[in-house]
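The values are calculated or read from the model by the stated rules, or taken from the named source; none is laboratory data. Predicted model only: the values in this text are computed from it and were never measured. Here the Cβ positions follow ideal geometry from the backbone for every residue, glycine too, while neighbour counts run over all protein chains shown. These area figures cover heavy atoms from the full protein model, side chains too; ligands, DNA and RNA do not enter into them. Shrake-Rupley method; radii C 1.70, N 1.55, O 1.52, S 1.80 Å.
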Amino acid sequence: MTHDHDLVLRPTDAQTTAALNPPAGRNGGDLVVETLAGLGATTVFGLPGQHALGMFDALRRSDLRYVGLRVENNAGFAADAYGRVTGEAAPLLLSTGPGALTSLAALQEAAAASAPVLAISSQVPTAGLGGGRHGYLHELPDQAASFRGVVKSVHTVRTQSQIPSAIAAAWKSALTAPHGPVWVEIPQDVLLAPTGLPGVTALDATPEELVPRPELTALAAHLLSRAERPAIIAGGGVVRADAAGKLRALAEKLDAPVVTTFGGKGAFPWTHPLSLQSWLEDRHTTDFLEDADVLLVVGSGLGELSSNYHTFAPRGRVVQIEADLGKLESNHPALGVHADARLALQALLETVEERTDPTAPERVRDVLAAVAARIDSQQLTLEREVLASVRRALPAGSPSFWDMTILAYWAWSAFDAHAPNLMHSAQGAGGLGYGFPAALGAAAADPTRPVLAVSGDGGALYSVAELATARQYGLDVTWLIVDDGGYGILREYMTDAFGRATATELTRPDYVALAESFGVPGVRTTPDTLAEDLAGALATPGPSVVVLPAVLRMFAPTHLG
C-alpha cells in the first residue's frame, strides 16, 4: 500500500549529473537568480548597492532581464505596475539600509493595491545580525522590523541552502489572494560566498486558492435573488482576480446596478445600462447605494474614498466578498465572505436565481443625470475638456498610470478606463511620484503598446531622474505633466480650510528642456492642442514628455455638507 507521504519526486539522470557537477564560479547570488528564473520570473527591477553586489553580479550569468531605475522607491513603483499588469510577482532587488528603506512608500502602495512585488534585499554580514551595534555600513538593529507593518510577509535567510525555499515561499505568499508585496533579506556574506550547491531546477510555489464557504455563498445568493433593489460595488479585488466577466454576468442575471471604486476602474463596462460608473464622491450615488435593500460589495473594504469619506451608511443588508481578512466587515456589518473575488462570483453565478427589474436602467440614468447636472453647475469646462482630450488621445488598449494630482482625482470619478486593468493610480496609499516610474514598469511588461503617465509638476519632481531610465531602455511611455506651479490639490485644500495656502508653491524646471537634456522629446501644449499633441507623442515609439501649463480645479465635494 502506498501512502501520500511515501510519494517523492525522484531526480532524472540528467538532474543527478547536473547536481554532481554544478557550474563553477557561482555564488549565493546565483541561487537567487536561479530561483527567480525557476519560478517563472523574466524581468527584475532594482538598484545595486554594496551589500547586494552578489545578486547583481549573478544577473550577468542569467537570462533575466534587468531594468535599473535611479531611485529605489521608483523601482518599487515600477515593480508594482509590472505586477498589476501581468499578475506575476515582480522581483525587486535592493541593498541594505538606506536603499531598502527608500522603497517603503512604494511597498505601502503595492500593499494597499494588492500588487504582487517580491522585494529581495541584502543585509549586513551574518556576524552583524542580532541587534548589536557592530558598526557595519548600512546597519540597522532590525531591518525587517521596518517592513513588517508594510508588506504581506517577511522571509529571512541565514544560509545559502535556505535561499530557494525562502524565495519560493515569498513568491507563493505574494501571489496568494490577496496579492501583495513580500520581503526577503539575505546577508552580504551569504550572497558573496562561492557555492557548491547544485543549480536550482525544481520549485513548487503554487499559490493557494481562497475558496468561499458554500453556506455563505448560498445565503448570499438567497438574499440577492429575493432583493427588490440590489446593487453592487466592485472594487480592485475584481480587477486583481480577473473577474470582470463574472461580475458582468452576475449583474445582468440580477439586473443589479454596479458602481466601481477608484481601484476597480474598468471592472464593469462604463456605458452599460446598469453602470453607475465611478461617481463615488457624489451624494447622488451615495444615496442610491444606501437605498439598496441588498448591497453586494466585491473586492473592496469600503474605505475612505470608496465610502464618500465615511459618509456612506447602508440601510439594507450588506454582503461583502473580500480576500483580505483584515478588511472584512472593517467598516460596516455584513455577511462577510472571505474569498477570492473570482471564485466567490462564480459560486454566486451558479446559485442565484435570475431576476428582472425593468426599472433598473432608468434608475441608473436618473442618478447619472443628477451627477452630471451637479457638475454642469460648477463651470468646470476646462477640466472636463482636458480629461476628454486625454481619453481621445489614449489608444483603447493602452494602460495609464496617474500620480496624485487634480487631473487624476477627476479621472477616478469621470474617466472611462475602457477595460479592467488599464487605469492605475496611487490612490491606495496616496503617495506622490507614482505615475511615471509605474508607467515604465508597465512598458517593460508589455512593449507592444504605448503607456501613458500623468503627473502634476509637484509629483513630477519626484520622478525626473527616471527620464534617464526611460531613455536608457527605450521604454514607450508618454509622460503628461500638468504644470500648475505647485501642489495644486493641497493648494485647494488649504485655501478652503484656512483661507490661504502655505508651502504649496514650487520653483520648477522647464520640463521640455529638461526632457530634451536626457534625449527625450518634449513638447509644450495647450488645452486646445492637447489631444493632438498627446496622440502624436503616444504614436511615436520611445519615451516622450508633454507639458500642459494649466491650473485645474476640483469639483465641489458632497461629503462636507
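What's the total number of residues in the range 105-116 that are in contact with a His (Cβ under 9 Å, 6 or more places away or on another chain) and either within 30 Å of ALA193 (Cβ to Cβ) or surrounded by fewer than 21 Cβ atoms within 10 Å (Cβ to Cβ) (or both)?
The qualifying residues number 1.
Kindly evaluate TYR434 against the criterion of being of a type in the set (Phe, Trp, Tyr) and out of contact with any helix residue (DSSP H, G or I) (no Cβ under 7 Å at 6 or more places or on another chain).
no
Can you tell me how many residues within the range 10-40 are hydrophobic (A, V, I, L, M, F, W, C), surrounded by 13 or more Cβ atoms within 10 Å (Cβ to Cβ) and at pLDDT below 85?
The total comes to 2.
Tell me, yes or no, whether the range 390-406 has at least one residue that is closer than 30 Å to ASP80 by Cα, polar (S, T, N, Q), open to solvent by less than 10 Å² (accessible area, probe 1.4 Å) and free of Cβ contacts under 8 Å to residues at least 60 places away in the same chain.
Yes, the conditions are met somewhere in the range 390-406.
Would you be able to say whether some residue in the range 189-208 is in contact (Cβ under 8 Å) with a residue 12 or more places away in the chain, outside any loop (DSSP other than H, G, I, E, B) and crowded, with 23+ Cβ neighbours inside 10 Å?
Yes, because at least one residue in the range 189-208 is in contact (Cβ under 8 Å) with a residue 12 or more places away in the chain, outside any loop (DSSP other than H, G, I, E, B) and crowded, with 23+ Cβ neighbours inside 10 Å.
Looking at ALA513, ALA537, ALA531, which is the one that is more than 22 Å from ALA414 (Cβ to Cβ), modelled with pLDDT of 95 or more and buried (at least 16 other Cβ atoms within 10 Å of the Cβ)?
Unique residue meeting the criteria: ALA537.
For the subset of the range 366-387 comprising residues that are without any contact (Cβ under 8 Å) to a residue 60 or more places away in the chain and within 24 Å of HIS272 (Cβ to Cβ), which member is surrounded by the most Cβ atoms within 10 Å (Cβ to Cβ)?
By that ranking, first place goes to LEU387.
Which of the residues that make up the range 97-119 are in a loop (DSSP other than H, G, I, E, B) and under 19 Å from the mean Cα position of the chain (by Cα)?
Once the filter is applied, which keeps residues that are in a loop (DSSP other than H, G, I, E, B) and under 19 Å from the mean Cα position of the chain (by Cα), the range 97-119 yields SER103, SER114, ALA115, PRO116.
Return the residues of the range 278-293 that are of a type outside the set (Phe, Trp, Tyr), open to solvent by 10 Å² or more (accessible area, probe 1.4 Å) and touching a helix residue (DSSP H, G or I) at 6+ places or on another chain (Cβ under 8 Å); say none if nothing qualifies.
If the condition is that a residue be of a type outside the set (Phe, Trp, Tyr), open to solvent by 10 Å² or more (accessible area, probe 1.4 Å) and touching a helix residue (DSSP H, G or I) at 6+ places or on another chain (Cβ under 8 Å), then GLU281, HIS284 are the ones that fit.
Those residues that are part of a helix (DSSP H, G or I) and either within 22 Å of the chain's Cα centre (by Cα) or farther than 23 Å from LEU39 by Cβ (or both), I need them from the range 120-169; list them, please.
Hits for the range 120-169 are THR126, ALA127, GLY128, ALA145, SER146, PHE147, ARG148, ILE167, ALA168, ALA169.
Please work out if LYS246 is basic (Lys, Arg), touching a Ser or Thr at 6+ places or on another chain (Cβ under 9 Å) and either open to solvent by less than 20 Å² (accessible area, probe 1.4 Å) or modelled with pLDDT of 95 or more (or both).
Judged against the criteria, LYS246 is not a match.
From the list ALA78, ALA52, which residue is open to solvent by less than 10 Å² (accessible area, probe 1.4 Å), within 30 Å of GLY235 (Cβ to Cβ) and part of a helix (DSSP H, G or I)?
ALA78
Any idea which residue in the range 516-528 is surrounded by the most Cβ atoms within 10 Å (Cβ to Cβ), counting only those that are hydroxyl-bearing (Ser, Thr, Tyr) and in contact with a Leu (Cβ under 8 Å, 6 or more places away or on another chain)?
THR525
Answer yes or no: is there a residue in the range 433-445 that is farther than 21 Å from GLY46 by Cα and in contact (Cβ under 8 Å) with a residue 60 or more places away in the chain.
There is no residue in the range 433-445 that is farther than 21 Å from GLY46 by Cα and in contact (Cβ under 8 Å) with a residue 60 or more places away in the chain.
Residues of the range 96-151 being touching a strand residue (DSSP E or B) at 6+ places or on another chain (Cβ under 7 Å), modelled with pLDDT under 95 and either hydroxyl-bearing (Ser, Thr, Tyr) or at positive phi (or both), which ones?
THR126, the sole residue that qualifies.
Got a number for residues in the range 81-98 being surrounded by 24 or more Cβ atoms within 10 Å (Cβ to Cβ) and either within 16 Å of ALA465 (Cα to Cα) or among the polar types (S, T, N, Q) (or both)?
Residues in the range 81-98 being surrounded by 24 or more Cβ atoms within 10 Å (Cβ to Cβ) and either within 16 Å of ALA465 (Cα to Cα) or among the polar types (S, T, N, Q) (or both): 2 in total.
Would you check which residues across the range 209-243 are over 28 Å from GLY180 (Cβ atoms), part of a loop (DSSP other than H, G, I, E, B) and open to solvent by 30 Å² or more (accessible area, probe 1.4 Å) and list them?
Listed by number, the residues that qualify are ARG226, GLU228, ARG229.
If you go through the range 170-181 one residue at a time, how many are of a type in the set (Lys, Arg) and either assigned to a strand (DSSP E or B) or open to solvent by less than 30 Å² (accessible area, probe 1.4 Å) (or both)?
Number of matching residues: 0.
Restricting attention to the range 59-74, does a residue exist that is free of Cβ contacts under 8 Å to residues at least 40 places away in the same chain, in a helix (DSSP H, G or I) and open to solvent by less than 10 Å² (accessible area, probe 1.4 Å)?
no
Taking strands (runs of 3 or more DSSP E) that fall entirely within the range 306-405, which contain at least 1 residues that are acidic (Asp, Glu), modelled with pLDDT of 95 or more and at negative phi?
317-322
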